[in-house]
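These notes concern the structure reproduced below.
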Amino acid sequence: MTQMVKDFDWRRPGTFLPVAMAASFKPRAFFAQMENRGDLITPLMFLVWVHLLASLAALVAGFPLSAVAWGLATRLVVDLIFVGLVYTIGHHIMRNPLNAGGFLRVVCYCLGIKLIAVILPFLPAYQDALMVLVYVFFFITLYFGLRAAAGFTFLQSATCVLLSVVGMVLLMSLIGNMTVTVPSQGVAGGGAPSTGAVR
């Protein structure tokens, strides 16, 4: 039986897909034996790889570079904000001893399921439904990942995920309200290119 990879190593590209697959489809086993070295660059590089691959697929599908670049930057910022919420709630509010590197690994590696985004530009009619399924799957794997890596109970893990989602929704709503029409300036942020199928 092949031994499960313990962590992503950005200097060894061959570890990328095994980590993404293990975190997505065997989260309890993977995160229970994960080597948390505590560094932040490793999970961040993993997350960048996920979004770069999705962006490359969008370019191949013919989307303009400006829209792809905007979508890439937006997705990275949104995901990093969510990571911050999970860490703040899990470590500081719920007093779990797992360090920032550990929480970052759990969230970023679970986000590996977003690799399915590489097919979205080629399936525009199904992209919304597929993204809903991807996020539902992500939240489920995140729940199991937090239980395994942080030692959360059923209720603690579910609460951490739920509060993070609620916090993200509220934050995005607040940001959305800041882009409404301003009397002297029109619509703030209205010049941003559409991300279309490259989210």
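FYI, it's all coordinate maths here, none of it is from the lab. Worth saying up front: this structure is predicted, and the values here are computed from it rather than measured. Counting neighbours? That spans all protein chains shown, and the Cβs are built from the backbone with ideal geometry, glycine included.
Towards the positive end of the charge dipole of the chain, with charges on Cβ (+1 Lys, Arg; -1 Asp, Glu), say which of Ser157, Ile113, Ala32 has the farthest Cα.
Towards the positive end, the residue furthest out is Ala32.
When a footprinting reagent is the concern and you count Cβ atoms within 10 Å, what order do His91, His51 take, fewest first?
The most exposed by this proxy come first: His91, His51.
If you average the sequence gap of Cα pairs under 8 Å that are 6 or more apart and divide by the length of the chain, what percent do you get for the contact order?
Relative contact order of the chain: 29 percent.
If you stretched the chain out fully between His92 and Gln3, how much longer would it get, using 0.36 nm times the residue separation minus the C-alpha to C-alpha distance?
28.6 nm
Would you be so kind as to identify which of Val48, Val134, Val19 lies farthest towards the positive end of the dipole of region 13-179, taking Lys and Arg as +1 and Asp and Glu as -1 on Cβ and the Cα centre as origin?
Val19
Size of the dipole of region 13-179 about the Cα centre, Lys and Arg at +1 and Asp and Glu at -1 on the beta carbon, nothing else charged, in debye to 20?
That gives region 13-179 a dipole magnitude of about 300 debye.
If you average 1/r over every pair of different alpha-carbon atoms in the chain and take one over that average, what Kirkwood value in Å do you get?
17.7
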